[in-house]
Amino acid sequence: MEQFNKYRSPIVLGVLILFLMLFAFYMLGVQPTNKEISAQNAEIRQLEKEAEILQTKINELKSSATSLNSEQQELLAALPKGDDSEGLIDDLRAVGMSSQARLKDVSFILDEANPIQQMTGSAEVLFPTVKQVKMTAVVEGTYTSIRQWMDELQMLARIVNVDSFNFQQSYEERSKDSPESILTANVAFTAYYEVVTPSSN
């Protein structure tokens, strides 16, 4: 017992130093590791949230791309295969008869340029098979009948767009029998079509 009392101070000092070493090891080694683990767990949760957001965006883009593709297919379905100029002339006659405007002259040019590429100014050709027929027509009738002719033209099954029009001075004065003057209109319009590529045998 005497010997224990003799070495009591160094033993207490040794235990105290050992405790301080363990405390230093905990403060310098274990606690930063716990903080790093917590930070990494928080970062993992953040990355998981970002991954969910990205997956949602990807799903939205896929669904919008699908709807865009279906819209594009609908537009392409409205385009005749080939220029179908004979069918277009028949359509113009039918429009003239229903609107009571007389088609006096028509001329057209097959344009090989891609109209969508021209409109967008893009170097990339989005619809390489889409082409256009530029047409100019001289139509005679009353203002109402010419206006109806242009409206019906744009409502044809194929895609047709009136680009410009102008009226010329009427040559006939109004009377009780004809309340509207007869006008002549120059109408420029564009009809679109899809080029048919011959299938290789």
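Spin-label model, THR56 to ALA157: label points 7 Å out along the Cα-to-beta-carbon direction sit 4.5 nm apart. Using the Cβ of LYS81 as centre and a radius below 14 Å, the other residues enclosed give a net charge of -2, where K and R count +1 and D and E count -1.
Each value in this text was obtained by applying a stated rule to the coordinates, not by laboratory testing. Because the structure is a prediction, the values reported are computed rather than measured. Glycine gets a Cβ as well: all are built from the backbone with ideal geometry, and neighbour counts include every protein chain shown.
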